[in-house]
Every structure is written in C-alpha cells, then in structure tokens.
Amino acid sequence: MKFAVGTRGSRLALAQTEEVLSHLRRASPGIEASVVVIRSTGDEMPDAPLAGLGKGVFTGALESAVQDGSIDMAVHSLKDLPTATPDSLTVVAVCPRSDPRDVLVNASGCTLAEMPAGAVIGTSSPRRTAQLRALRSDLRVEPVRGNVETRIGRADGIGYEGVVVAAAGLLRLGLGSRIAQHFDPYDMVPEPGQGALAVEVRSDREDLLRLLEAIRDTSTHAAVAAERAFVEAMGGGCRVPIAAHAAVEGDAIAMIGMVSSVDGSEMIKTRLTLESGEPEAAGRALAGELFAMGAAEILASGEEV
C-alpha cells in the first residue's frame, strides 16, 4: 500500500508523524508512505495570540487536504483538533499516549514554588495562564509563541525566567532533560488530548481505517474520548479556560476537570472516577459535576468578554 501523509512542518510535527509511521510499518510491513508538509493558519500567523485564533487553527488546512484527496491521511496533535469532526472525516487516536502533563522549563532548574517573586513565565495558553495565576498570583505571565525550541530558548533568559510547555513535545524531541518540574495533573489540569496523536482520514477509506485499527491504543483512545466528551458537554468552543485529564484504570476511568475565569480568579476543579469504564459517559458526568459546582456562571463570564 502506498499513501501520502500530511503534517505540519515543525520538527515536532515531523517527529510525531514518524512515530505514527513507525507503528504502521511494524504492524503492516511493506507499506510505503510519502510525507507532505502543509502549512496551517497558525503557522502563517506566528505572532497572533492563540486565544483569538480558535480551535482548528493548526488542523484546518490538513483536514481540507484529506477531504479533497491531496493527501490520504493527516497526523495531528490530538489536542489541536476541534471536538466537532466533519461527517466525511474520521479521527483515530493512535499509539500509546506520551506524558500528558505540563512542565516548567527554566535555566536554573528550579520549581515554580522556588521562582522569585515577579518572575516572568511565558505561555500563550489561557488554560495555563489561569492556573499559573491561581498557583502563584505574584508571577507575571506573558504570552510566548513559536515552536518548542523557540519557547525553550526564551526560558534561557531572553525576557522570560521560565516557560510552561507540554511534556510530550519535549520528550518527543529528546529535550526531557530541560524539564525543571512536572506539574501534578490536578494542580495544572492538561489540555484535553494532550500527549496523544491522532490520524484523520476520510470516512469512506475503509482500507486506511483497517490499517489504523492495528495501531490504535485502546487506553489512549478511551482516555481522549472521555476528555473530548467533557469538552462537548461543557459547550465545545468555550471562551474561558477548561481542561480535563482522564486515566484508564482497569475497567474504570479516573478524571480531573477544571473551568476557570480568564484571569484565574474564579476556578472550579473536581475529580471523578466512573467504574463502568464508558469514556463518553465519564466525560459527561465530569461536566455535570462542574455544572453542579457553578460552572455555568464562569462560562457565562466568558461570553461577556
């Protein structure tokens, strides 16, 4: 089988694509794949604030290429994909998930608690910004864009004393030694889907769906399904920070959920374990817990911004 695989052109995106292809080659020896680099809207607007670009900014061009047949499949960081997928496309979470946690990187190797008052921490994620402010209100949180290597460079003292990024990106680039602190998933609830890879194909490509089924990691697929169901139940394209983390534990799914005001002054977090192991049910139940705790008021505050 020969097919074309679309990806963004960053070193991390290419490493993720090779990770998927390595699994496919082991599962189906003899396949041939050509890698096609496609620039996303997010790549074309490197200085624009991420909060204003919306979900799909890194995936829309790849989805269009799959739909029009320019490529056979697209490899994504699953966290970048909107929860609403066109009927013509199917998303498959593949490969074992990498570390879903957020991490702190700085030149001194100190933890967040050890950083000096007023230190500048870089992130362009509203989710990370809100939780950083809740953890250390004295810190200055400033936006930082660019690929992983660029952001790590900022942590070495060019206007910032540290940055918060995803552990998975550093590990896939062999930069795990730069991690100064792994945040506990409850203290810094991750982006839904963080650390997981997804392949998107046309729904009528049964040949490719069978191929991908061979490398679908069951635990990863269940965990991200729960997280994405949570996002849907919270309202999909929320204008305030929301986050969720799911872990499969035998037949059960343990989840953490968070919703926060933009400035982090109002924040609700909770834990939930659903023994049935039904991913979508766990995600919806977690959202229900947050709504019972007052999430609707926080979500409404985002509509007023």
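The values are calculated or read from the model by the stated rules, or taken from the named source; none is laboratory data. Worth saying up front: this structure is predicted, and the values here are computed from it rather than measured. Cβ placement follows ideal geometry from the backbone for every residue including glycine, while neighbour counts extend to all protein chains displayed. We work out accessible area using only protein heavy atoms, side chains counted, and drop any ligands, DNA or RNA first. Shrake-Rupley method; radii C 1.70, N 1.55, O 1.52, S 1.80 Å.
Values as computed for the structure displayed
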quantity: Full-stretch length increase - Ser203, Val37 - with 0.36 nm per residue and alpha-carbon distance subtracted; calculated: 57.6 nm
quantity: Cα coordinate range in the chain, projected on the principal axes (Å, largest first); calculated: 57, 44, 37
quantity: Volume in Å³ per residue [convex hull over Cα atoms, computed for the range 217-305]; calculated: 76 Å³
quantity: C-alpha center-to-center spacing [the range 252-305, the range 67-94] in angstrom; calculated: 26 Å
quantity: Pairwise label distance in nanometres, Leu175 with Thr150, each label 7 Å out on the Cα-Cβ vector; calculated: 1.2 nm
quantity: Ranked packing of 123-129, 145-151, 10-16, most packed first, by mean Cβ within 10 Å; calculated: 123-129, 10-16, 145-151
quantity: Accessible area of the range 242-305 divided out per residue, in Å², using a probe of 1.4 angstrom; calculated: 47 Å²
quantity: Net lengthening on full extension, Asp68/Leu21 (0.36 nm per residue, minus Cα-Cα); calculated: 14.7 nm
quantity: The chain, accessible surface, carbon-and-sulfur percent (1.4 angstrom probe); calculated: 49 percent
quantity: Amide H within-cut-off set for Ile71, under 5 Å, with H built and near neighbours excluded; calculated: Val66
quantity: Packing-based ranking, highest mean first, of 75-88, 155-168, 25-38 given that Cβ atoms within 10 Å are counted; calculated: 155-168, 75-88, 25-38
quantity: For Val36, residues with placed amide H under 5 Å, excluding near neighbours; calculated: Val5, Gly6, Thr7
quantity: Per residue, in Å², the accessible surface of the range 53-171 once ligands and nucleic acids are set aside, probe 1.4 Å; calculated: 37 Å²
quantity: Phi-based couplings in Hz for the range 79-86 (Karplus 6.51, -1.76, 1.60; Gly and Pro marked x); calculated: 4, 7, 7, x, 6, 7, 10, x
quantity: Alpha-carbon Rg/Rh ratio, for the range 93-149, with Rh computed the Kirkwood way; calculated: 1.02
